[in-house]
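A short worksheet on the structure shown next.
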Amino acid sequence: MSDEKSLNFLEEIIEEDLKAGKYTQIITRFPPEPNGYLHIGHAKSICLNFGLTKKYGGYTNLRFDDTNPSTEETEYVESIKEDVEWLGFDWKNELYASDYFDTLYEFAVKLIKKGLAYVDDMNSEQIAELKGTPTEPGKESPFRNRTVEENLDLFRRMKEGEFEDGSRTLRAKIDMASPNMHMRDPIIYRIKRTHHHRTGDDWAIYPMYDFAHGQSDSIENITHSICTLEFVPHRPLYDWLIENLEIYPSKQYEFARLNLNYTVLSKRKLIQLVNEKHVTGWDDPRMPTISGFRRRGYTPESIRNFCDRIGVAKRENIIDIGLLEFFIREHLNKIALRRMVVFDPVKVSVTNYPAGQSEIIKGEENPEDPNAGTRDIEFSGELYIEREDFMENPPKKYFRLSPGQMVRLKSAYIIRCDDVVKDNKGEVTEIKCTYLPESKSGADTSGINVRGTLHWVSVPHAVNVELRLYDRLFKVEDPSNEDGDFKDYLNPHSLDVVNAYAEPGLLDASAEERYQFLRKGYFYLDKDSTKEKLVFNRTATLRDDWAKKGK
RNA sequence: UGCCCGAUAGUAUAAUGGUAGUACGACAGAUUUUGGUUCUGUUUGUCUUGGUUCGAAUCCAGGUCGGGCAACCA
């Protein structure tokens, strides 16, 4: 086997097309509807569309599929642009289906003139009634055989706004008996006298998806129009319209959309979570949106690597969210600055350390990066360590602190536990230790090797920080497939807010950096942070083999 | 009971008629001043029944299972 990565089915098609001389360059498009924020499923499509033209030469357009003014807003346009850019992709042209409304109208007129479209006076119930079902053919509309002149006149008057919303439609005249429901005289224009985010009140009619998408592809000379599997049955209509309009033959190809367990990836559901305040917004770090991942501390690289690894195929798939976590850990491990933060403190008194004194200790910025250098950390005789890092009666193989045992304080000294102070409820309030002055990190002459290393902060120097610890948004793998409403399966513990003690160096934290809180996880400064109160989002935990053993 | 799409380890994804491989996970071990990282090893798979062929995950036929399609949404 060569070390070259094997091709996915779209790459194969493109390589064949290129070899056959069918195209000199590849043109794709990413076509979001601006009616919501982009999520990780869109990231797959973005990486695919932009990745293909980057690999084979050509370009990708960003085209907003804005043909339904009742759901679309400029806020969404802005967020989509920001997200695509953040992911690291540049579009050639920023385009809108609404840019083509005049052309699309002419296309419809052409179809009418060819006797391939007609104005139908039936309302939506009547149309549905005659549509048939997947197993029975439909029946023709009584308005199907109007003259070209009559159709032209009626369609013009639809455009002029003469008729009520929903009172008439323009339909392609294809085949009411087709086994493919989409070919049973699909509606291509509807009356909708609604304000459009770009064209304002210019139009009383708007094209349907099927009459806008493929035509926009064609106008832009898109060579490979890549969409998800649910559009497979639309493909005959896509081709029929292009053929009968006699326009540039873009080709549609379909791949399986991304599904992730323990979350939902449907705009309809995500918008509910936002509107019903189950989350704080589209960019809530628990959301599977690109903006949510960004705020949580994910990097564009990690998301791109993820999309690369999950591949592109036509079979339905549900990816384990753990794979995404793997890629963010992999990246953050390389770049995150190491800091020490104690989440749930218990006090350690170093009885042989000079009272009231402190010293500066050097800690690695990042052991994975030899050029990262060191940071200064205050050490004193009064410390906090993690409550879970001490046990009075430890099980076997516990190599944290316990009476009589020694541990290394990361980047500092080895200490031994001499005594434990408890309150009247039996809760440990203080651990008395002695330190080995000759065991200082980097200058250790003690000759003692200890198994455990703990993170710590100096009590008089510690700064208070707020930590937002996130867990999966849903407590079941596939909330959409459970009985009842998907929101019944929200994880009540998806957010846990903790006030913690951090080394003072963290006061300089910035959103330009990623942090690893030693032995705790990866953290990212949140936009809610103020000078008085630093707020960090937990991007991901560290792997924890000890916890996994169930001890 | 119409049409369309699909089926390879737990999850994804390769092998394009010629040794079923890779990643994640799981398990075991080594290293480690993060029970992190890194390294090594182990484990588990071609939906089914026929056919074609010297040879089938791959080609053909039947079946089974899963998904999609009956919005004036995209």
**Study point:** Distance (nanometres) between label positions extended 7 Å along Cα→Cβ at A:LYS54 and A:ASP17
**Key:** 1.9 nm
Practice item. Give me the number: length gained by fully extending A:ASP102 to A:PHE399, i.e. 0.36 nm times residue separation minus the C-alpha to C-alpha distance, one decimal in nm. Key: 99.6 nm
Exercise for review: Go through A:255-261, A:519-525, A:491-497 and give me the packing order, highest mean Cβ count within 10 Å leading.
Suggested key: A:519-525, A:255-261, A:491-497
Point to revise | Cysteines having no other Cys beta carbon under 4.7 Å from their own, within chain A | key: A:CYS227, A:CYS417, A:CYS433
**Study point:** MRE, 222 nm, helices only [DSSP H, n ≥ 4, -39500 (n - 2.57), over chain A, to nearest 500]
**Key:** -8000 deg cm²/dmol
Review point. How high is the relative contact order of chain A, in percent, with contacts defined as C-alpha pairs under 8 Å that are six or more residues apart?
Key: 11 percent
Review point. In the structure displayed, which of A:LYS334/A:LYS520; A:LYS5/A:LYS267; A:LYS192/A:LYS269; A:LYS131/A:LYS269 lie more than 21 Å apart, Cα to Cα?
Key: A:LYS5/A:LYS267; A:LYS192/A:LYS269; A:LYS131/A:LYS269
Point to revise | Sparse-neighbour loop sites [GluC sites (Glu not before Pro); segment A:257-344; at most 13 other C-beta within 10 Å; DSSP] | key: A:GLU276, A:GLU316
Exercise for review: Evaluate E = 1/(1 + (r/R0)^6) for A:ASP376 and A:THR351, where r is the Cβ-Cβ distance and R0 equals 25 Å; express this FRET efficiency to the nearest 0.05.
Suggested key: 0.50
Practice item. Would you mind pulling out the separation of the Cα centroids of segment A:141-211 and segment A:328-375, in Å? Key: 67 Å
Practice item. Between A:SER6 and A:GLU125, with labels modelled 7 Å along Cα→Cβ, what's the label distance in nm to one decimal, could you check? Key: 5.5 nm
Check your understanding: Taking a label point 7 Å from the Cα of A:VAL498 along the Cα→Cβ vector, which residues of segment A:383-405 have an amide N closer than 12 Å to it?
Key -> A:386-389
Review point. Nearest-5 percent of antiparallel DSSP beta bridges in chain A?
Key: 65 percent
Check your understanding: Out of the DSSP beta bridges found with both residues in segment A:9-255, what percent are antiparallel (nearest 5)?
Key -> 50 percent
Exercise for review: On a C-alpha basis, how far is the centre of segment A:464-496 from the centre of segment A:278-309 in Å? Whole number, if you could?
Suggested key: 15 Å
Exercise for review: Count the DSSP beta bridges whose two residues both fall in segment A:341-455, then state the antiparallel fraction as a percent rounded to the nearest 5.
Suggested key: 75 percent
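Taken together, the values in this text are just the output of simple stated rules run on the coordinates, not laboratory data. Keep in mind the model is a prediction, meaning the values are calculated, not measured. Neighbour counts run over all protein chains shown; Cβ positions are idealised from the backbone, glycine included.
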